[in-house]
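Enquirer: Pasting a structure here, questions to come.
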Amino acid sequence: MTAGSDALLALYHDFLSGRMAHATLLIGEAGIGKKTLAGLLAQGLLCTGSGDRPCGQCRDCRRFAARTHPDALFPAPAPREKTIKIDALREMIDTLSRHALEGGRRVVVIENAERMTPQAQNCLLKTLEEAQEDTYFLLTADIETALLPTIRSRCRVIRMQPWSQERIAELLRGRGIPAERVHALALYCEGSPGLALQMQEDESYWAARDTVRRSFLSVESAADLPGAAQVLRDQKDAGSRLLNILEQEIRALLHEKLAGAPLEGEEAPSRWRTAPPESLLNILTAIMDARRQKNANVGWAALSEGLLQTISEEASKWQV
């Protein structure tokens, strides 16, 4: 088993040289690019164009992109179901028992393979053990341990690593995303380009981020508490998201302090840049306590005011 960029390079080399493993399992956090990579590999295996594969232009590439290629199978949950059940795998096996309709390769793409029931996984196992020549399986999963060890042992496992902030920022700039948002997205998406793009499209995220800045991050002293509490008063339903965003902000400031890497852009009020690591750690602890209180059904007003009080006490140590 291999991991990281070396694994991807080896996978790409084997793809180009026609030595793809009959079963490949792509593991990684949601939004990291597993499904995109699996789709490109599957499309490339079926591509009949000239030059680089997949060409994206030939008839087979177009049919794959539209999910109408007769030799591309996509076992998935039935409508309104969350799991991939054994019936979907039996249908796949029945199709594979017949000759490829185009007379060439066949590919099976199973996205979110961890959603397969144990019965479906055992059904797939037999097929992997007796895989036919020119039949390729491409699986993706967020959680490796949700798949049977016997499934994993019959696949080439590629563990995809989080993207660097620089690489994500380059992707976002290429999509024409405003510069004032690029750095925040790259900083807070936890190395997931998919999550970065999802956050960019979610205006409620930016509204919640603005609320955090007008409340928790606006506190310099006890005199600011009533105004900040007023901003948060009607935010009960958004409470979990606000705590998550506040934690992102504080962790970014802490990283700046410990790594000596100044944040670019306006990622936090400038006065917070002078906060000592000890205070930031105390605030992180208070955020975790607030989250536990929320899970214990403590009222939003009480827990948010308690968190604001802690921030006020810590801010008084360095704000002037």
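Enquirer: Per DSSP H run of at least 4 residues, take -39500 (n - 2.57); add these up for the chain, divide by its residues and hand me the 222 nm value, nearest 500 deg cm²/dmol.
Expert: It comes out at -16000 deg cm²/dmol, rounded to the nearest 500.
Enquirer: Taking only Cα atoms, what is the 0 to 90° angle, nearest 10, from helix 179-188's long axis to the longest principal axis of the chain?
Expert: Taking Cα atoms only, the helix is inclined about 80 degrees.
Enquirer: Out of the GluC sites (Glu not before Pro) in the range 109-161, which ones are loop residues according to DSSP with at most 10 other C-beta atoms within 10 Å? Walk me through the numbers on the way to the answer.
Expert: Values: sites: Glu111, Glu114, Glu129, Glu130, Glu133, Glu144; in loops: Glu111, Glu130, Glu133.
Listed in order of number, the matching sites are Glu130, Glu133.
Enquirer: What distance in nm separates the two pseudo spin-label positions at Ala302 and Ala30, each 7 Å out from Cα along the beta-carbon direction?
Expert: Distance between the two pseudo-spin positions: 3.1 nm.
Enquirer: Tell me, what is the percent relative contact order of the range 2-159, built from C-alpha pairs under 8 Å that lie six or more residues apart? Don't skip to the answer; put the middle values down first.
Expert: Numbers: 239 pairs, mean separation 55.4, N = 158.
RCO, the range 2-159: 35 percent.
Enquirer: I've got another one for you. More than 15 Å apart: what percent of Cα pairs in the range 43-118 qualify?
Expert: Numbers: 1675 of 2850 pairs.
The answer is 59 percent, as a whole percent.
Enquirer: Further question on the same structure: Using the basic label-point model (7 angstrom from Cα toward the beta carbon), what is the Arg62 to Glu313 distance in nanometres?
Expert: That separation, rounded to one decimal, is 6.8 nm.
Enquirer: Only Lys, Arg, Asp and Glu count, each charged at its Cβ (+1, +1, -1, -1), so figure out the dipole size of the chain about its Cα centre, rounded to 20 debye. Don't skip to the end; give the middle numbers.
Expert: Values: 39 positive and 42 negative charges, 145 e Å.
Dipole of the chain, to the nearest 20 debye: 700 debye.
Enquirer: Further, regarding this structure: Where does helix 239-259 land angle-wise versus the long Cα axis of the chain, in degrees 0 to 90, nearest 10?
Expert: 90
Enquirer: Tilt of helix 277-295 relative to the longest C-alpha principal axis of the chain, in degrees (0 to 90, nearest 10)?
Expert: Approximately 70 degrees, to the nearest 10.
Enquirer: Now, a different point. Output the relative contact order of the chain, whole-number percent, from Cα pairs under 8 angstrom with separation of 6+ residues.
Expert: Values: 427 pairs, mean separation 57.9, N = 320.
Result for the chain is 18 percent.
Enquirer: Shifting gears a bit: Run a plain Debye calculation on the range 204-315 (Cα atoms as equal point scatterers, no solvent) and give log10 I(q)/I(0) at q = 0.13, 0.14, 0.19 Å⁻¹, rounded to two decimals, same order as the q list.
Expert: -0.44, -0.51, -0.96
Enquirer: Now, a different point. Obtain the radius of gyration and the Kirkwood radius of the chain from its C-alpha atoms and give Rg over Rh. If you can, show how the numbers build up before the last one.
Expert: Details: Rg = 24.6 Å, Rh = 22.7 Å.
Rg/Rh for the chain comes to 1.08.
Enquirer: Then there's this: If you take the Cα atoms of the range 2-159, find Rg, then find the Kirkwood Rh from the mean of 1/r over all pairs, what is Rg/Rh?
Expert: Working: Rg = 14.8 Å, Rh = 15.8 Å.
On the Cα set of the range 2-159, Rg over Rh gives 0.94.
Enquirer: Restricting everything to alpha-carbon atoms, can you work out Rg to Rh for the range 135-200 with a Kirkwood hydrodynamic radius?
Expert: Working: Rg = 15.8 Å, Rh = 13.8 Å.
Using Cα coordinates only, the ratio equals 1.15.
No value in this document is a laboratory result; all are computed from the given coordinates. All values reported here derive from a predicted model rather than from experimental measurement. Please note: Cβ atoms are built from the backbone with ideal geometry, for glycine as well, and neighbour counts cover all protein chains shown.
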